[in-house]
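Trainee: Quick one: structure below, then a few questions.
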């Protein structure tokens with residue numbers, strides 16, 4: 001926003017402009033844009049809700065010099081909250097310490113704003129706040145059947161930061177539950193459980209979701225996303241153990257394509273023969289698995305992969321052509337500073353809980369995967385845990401102009417560091433041109449003619 005002020009209404013429902021919704025207001029305090037607006041100045045803002053003389057609003061203005069104002073009614077407490085926001089430093093830990101107190105505030109606007117700040121917070125900052133978190137309070141919120149799923153995801157992430165093995169029975173009971181209220185945020189629930197249980201927790205996740213062929217698609221996908229989180233953000237489980245769990249999914253031909261990118265991304269080249277077999281036995285109902293297999297083999301540095309590619313090209317040259325045409329040669333994720341088996345992939349230094357929609361957006365969506373994408377980075381793994389953030393916070397950061405934690409949200413990176421494949425670009429342009437020509441033909445010819453009965 002160009003300007004943000006606190007203002008009071010000078011009119012009520014009887015004296016306002018009922019046709020336009022405009023209300024005359026007096027500026028009481030300037031939070032931003034002091035060169036554009038002054039205390040005591042009168043402005044008109046459109047607001048269709050109930051107004052009374054003296055009611056206070058936060059006005060956010062754009063497009064100077066003739067500022068256009070949007071209105072947000074504020075209580076005396078919310079006004080104080082907004083004023084405190086302007087005094088916060090850029091230090092992410094200090095900011096979270098402030099917002100932590102408002103996560104379940106009785107005033108919904110403040111609770112929502114505090115959640116939004118946590119939802120875009122760097123995971124490292126959340127971990128630093130761990131010693132100050134109220135574990136018992138988090139358990140109470142997580143166990144509340146009425147708790148919104150996005151908040152439950154965040155609180156599960158926070159429990160993973162501050163909890164211990166004493167909380168495992170509580171989490172295991174939720175994992176085994178079939179009640180709908182316990183299944184909300186399953187991806188974050190599994191991730192939290194693995195964070196506290198470590199490698200010893202993987203057998204239960206395998207049993208319930210990854211190796212269980214009767215597990216619903218949504219549950220298995222949630223487990224896959226939890227594993228992805230630990231392979232990209234968590235530093236608790238070794239990748240060697242994580243890929244062993246993902247190997248179970250390869251036995252489910254309708255889901256195998258969902259984990260092939262992860263195996264390639266984490267340089268697990270032990271599944272060449274198994275993937276070749278998947279390619280050979282693919283039928284029309286699951287032939288989408290073929291392009292991910294080809295991309296896995298393209299990324300693999302072993303001679304056996306090159307030999308397998310030649311074999312598969314003879315079986316289905318079209319799938320091999322599509323992989324080569326539409327996807328650059330995949331590049332496996334780099335190792336972090338750790339060199340032992342517990343090392344995780346190179347994580348973005350600024351990764352956040354935001355990024356998208358909820359945990360279900362971590363990685364490729366189902367359609368994207370089955371179009372053959374391999375090694376496209378899975379978005380921000382923590383996006384999953386923090387659920388859908390709305391960018392920066394509604395009150396402070398968005399209106400006052402700074403991003404929530406002093407840094408911008410990241411866009412997911414792709415396996416193609418060098419940009420779009422030129423053949424793919426030509427295909428897209430050609431398709432667009434053909435579409436335009438068809439539309440013009442229909443317009444000139446009067447559209448499709450009705451069939452005479």
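Trainee: Given Cα pairs under 8 Å that are at least 6 residues apart, what percent is the relative contact order of segment 121-361?
Mentor: 19
Trainee: By average Cβ neighbour count within 10 Å, what is the ranking of 232-239, 129-136 from highest down?
Mentor: The densest-packed peptide leads the list: 232-239, 129-136.
Trainee: Give or take rounding to whole Å, what are the principal axis extents of the alpha carbon atoms in segment 163-283, in descending order?
Mentor: Principal extents (largest minus smallest coordinate, Cα): 46, 29, 18 Å.
Trainee: Here's a follow-up. Compute from the Cα atoms of segment 121-361 the Rg and the Dmax, the latter being the longest Cα-Cα distance, and quote both in angstrom.
Mentor: Both quantities, over Cα of segment 121-361: 19.1, 61 Å.
Trainee: When only Cα pairs under 8 Å and 6 or more residues apart are kept, what is the percent relative contact order across segment 3-74? Working shown, then result.
Mentor: Details: 164 pairs, mean separation 26.0, N = 72.
Across segment 3-74, relative contact order equals 36 percent.
Trainee: So, one more: Using only alpha carbon pairs under 8 Å that are at least six residues apart, calculate the relative contact order of segment 189-237 and give it in whole percent. Can you show the working numbers first?
Mentor: Values: 32 pairs, mean separation 22.5, N = 49.
This gives 46 percent for segment 189-237.
Trainee: Order 106-119, 158-171, 74-87 from most to least packed using the mean count of other Cβ atoms within 10 Å.
Mentor: My ranking of the peptides, most packed first, is 106-119, 158-171, 74-87.
We did not get these values from a lab; they are worked out from the coordinates using the rules stated. Everything numeric in this text was worked out from a predicted model, so none of it was measured. Cβ: placed from backbone, ideal geometry, glycine included. Neighbour counts: every protein chain shown.
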